[in-house]
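Please treat every number below as a calculation from the coordinates, not as lab data. Computed from a prediction, not measured in an experiment: that's the story for all the values here. No Cβ is skipped: glycine too gets one built from the backbone with ideal geometry, and neighbour counts run over all protein chains shown.
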């Protein structure tokens, strides 16, 4: 009884102090895990059926050209190139389609991830020489089979853009089309209604 009187006289409510301490501890732990989650790069993860790794690259016939194909790193930290041989042509748009087909085939290295769903098709390509803009038209599978995620989309887009601008000096930026149309995004996060300039800061040579 004396203790109760003393507590009331001092204006201290011990149950509320205990509750406040628990809430403060929970807030601290929550802040820590939030920081950990946002400080790590996301990974690009394609569905297993759309990511057949370690495929043999078929030998192309006729004159060859050496190109760099940029794939996302498995840890999501950026893009890294693989060197490929593709058929050389007098038509630069045909060469661009060959390069994009190699990108869709996926990486050979275990530390790289596919950029686009393996069922995607390159329907057409066109290079506007006056503006340096390449228009690349993918089948709708690039959207319907895409796993989603903002960072996944970012790396996928710049796999395409950085590859084409690296291999073809005349290409300065890339407009992605789906079934011949300008779409809002691949999976609801990144605006693809306008052409993209290369983002070389993502490249890890």
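Which shape class, rounded, prolate or oblate, goes with the range 48-202 when its Cα gyration tensor gives a ≥ b ≥ c as root eigenvalues, a/c under 1.5 marks rounded, and past that a/b bigger than b/c marks prolate?
Judged from the Cα gyration tensor, the range 48-202 comes out rounded (a/c under 1.5).
Which shape class applies to the range 73-156: rounded if a/c is under 1.5, otherwise prolate when a/b exceeds b/c and oblate if not, where a ≥ b ≥ c are the square roots of the Cα gyration tensor eigenvalues?
Since a/c reaches 1.5 and a/b is larger than b/c, the shape of the range 73-156 is classed as prolate.
Could the peptides 79-92, 141-154 be put in order, highest first, of the mean number of other beta-carbon atoms found within 10 Å of their residues?
141-154, 79-92
Using packing as a proxy for protection, rank 180-190, 95-105 so that the peptide with the highest average count of other Cβ atoms within 10 Å comes first.
95-105, 180-190
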